[in-house]
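Scroll down for the structure; my scribbles are underneath it.
The values are calculated or read from the model by the stated rules, or taken from the named source; none is laboratory data. Not measured: the values here are computed from a predicted model. Note that each Cβ is placed from the backbone with ideal geometry, even for glycine, and that neighbours are counted across all protein chains shown.
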Amino acid sequence: MKANRIFNFNAGPAAMPLPVLEEMQASLLNYAGCGMSVMEISHRSKWFDDIINDAVARIKRLLGLGDDFTVLFLQGGASMQFCMIPMNFLPGDATADYVNTGTWSTKAIKEAEIQGKPIRVAASSEDRNFAYIPKNIEFNAGAAYVHLTSNNTIKGTQWAEFPDTAGVPIISDMSSDILSRPLDVNRFGMIYAGAQKNIGPSGVCMVIARNDLLDRIPAGLPTMLNYQTFAAKNSMFNTPPCIGVYAIQLVTKWLEETIGGLDQMDAVNRRQAGLLYDTIDGSDFYTGTADKDSRSLMNVTFRLPSEELEQTFIATALENGLGGLKGHRSVGGCRASIYNATTDEAMATLCDFMKTFERDNG
Ligand SMILES: *Cc1c(COP(=O)(O)O)cnc(C)c1O
């Protein structure tokens with residue numbers, strides 16, 4: 001453990017790669033020898049231009065995005081996209097299919113309904129407290145888009161593969177698994193992610209939109225709620241979330257140059273999640289809450305035999321340098337969020353701790 005840092009399993013804001021934090025620390029006083037903090041330079045400067053353009057170029061390379069996609073950095077978080085998506089992509093009486101797989105999907109649906117948009121919930125896993133990803137969904141081939149949440153941060157489920165949507169572009173909230181695995185980007189009309197889980201700090205939301213969708217945005221939207229406003233200005237219609245964009249640049253550089261790309265990141269994530277699920281499945285003490293075929297590689301949710309033991313587990317873990325293991329307040333239990341920045345050392349320490357705790361309390 002460096003600089004008295006704990007092993008951080010927070011759901012979001014969440015652990016960042018240590019080399020990224022170290023580079024940010026140096027840049028906080030003097031960025032690239034310019035004599036100013038990276039927080040003190042103009043967003044209209046060449047320095048910031050280089051930062052944002054490099055971040056965009058790296059995201060495009062990592063995901064294999066062509067010129068038919070635009071990468072944006074917005075404020076308002078992933079939650080702002082819940083209302084902007086129907087506003088921008090459902091003109092007139094156009095309709096969309098939504099899949100409800102948990103808290104965040106439910107919020108996205110609500111924001112479309114508030115606007116009176118004629119959307120349809122094509123499938124839901126609410127009947128079993130969102131413990132699974134629905135299968136064999138019949139989508140409306142005439143829908144403008146299919147909205148789904150690729151990874152359900154709170155419920156601990158994830159789409160292992162994206163469903164057949166009858167050719168309709170998918171719009172996906174990837175806040176908690178963006179850049180954790182390779183994607184067939186051509187299936188998607190838009191991808192969005194609040195940065196604070198997998199790629200940076202809070203305050204910046206990455207949006208990747210297909211240009212033909214951007215071209216069809218109806219006139220008359222408020223300027224700040226229209227994706228075209230930001231697409232036309234390289235995300236700099238107004239002051240962008242500069243420090244967040246800088247962090248994303250460094251995280252994507254780390255993904256490319258240290259990890260080696262998304263195939264390699266995926267392998268690391270699978271290996272680490274595998275160790276944790278094996279620890280859970282190999283005991284009668286811990287119980288995973290998500291169906292096995294729907295398990296998330298990013299948020300591992302589990303219960304202990306009693307709520308009292310769960311509280312002791314969380315407190316004892318923290319005493320041992322393992323933080324953030326409390327489940328979301330809406331579901332209780334325990335959750336280990338093991339995003340891209342999780343190290344093998346952190347995972348080994350967690351699994352060892354869990355075995356010891358079971359031995360002492362089981
Ligand atoms: C955290 C989270 C959100 C909320 O993001 P904000 O940036 O806080 O609005 C939305 N969707 C998912 C899947 C999340 O994990």
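Some points to look at:
- Residues (in contact with a helix residue (DSSP H, G or I) (Cβ under 9 Å, 6 or more places away or on another chain) and among the small types (Gly, Ala, Ser)) located in region 300-353: Ala317, Gly321, Gly323, Gly324, Gly327, Ser330, Gly332, Gly333, Ala336, Ala341, Ala346, Ala348
- Failed condition for Ser283, given (1) under 30 Å from Asp127 (Cβ atoms); (2) surrounded by 21 or more Cβ atoms within 10 Å (Cβ to Cβ); (3) of a type in the set (Ser, Thr, Tyr): (2)
- Region 319-338: number of residues that are in a strand (DSSP E or B) and small (Gly, Ala, Ser): 3
- For the residues Ile133, Ile114, the requirement of being farther than 23 Å from Gln228 by Cα, away from the ligand (no atom under 12 Å from the Cβ), hydrophobic (A, V, I, L, M, F, W, C) and in contact (Cβ under 8 Å) with a residue 12 or more places away in the chain singles out Ile133.
- Condition check for Asp93: buried (at least 18 other Cβ atoms within 10 Å of the Cβ), more than 22 Å from Pro240 (Cα to Cα) and of a type in the set (D, E, K, R): no
- Residues of region 7-34 that turn out to be of a type in the set (Phe, Trp, Tyr), more than 16 Å from the ligand (Cβ to nearest atom) and touching a Leu at 6+ places or on another chain (Cβ under 6 Å), as a count: 1
- Of all residues making up region 168-226, the number that are more than 9 Å from the ligand (Cβ to nearest atom), crowded, with 19+ Cβ neighbours inside 10 Å and among the basic types (Lys, Arg): 2
- Residue within region 149-166 that is in a loop (DSSP other than H, G, I, E, B), at pLDDT below 95 and either away from the ligand (no atom under 15 Å from the Cβ) or small (Gly, Ala, Ser) (or both) present: yes
- Applying the criterion of being aliphatic (A, V, I, L, M) and surrounded by fewer than 24 Cβ atoms within 10 Å (Cβ to Cβ) to the residues of region 145-167, the residue that is farthest from Thr101 (Cα to Cα) is Ala166.
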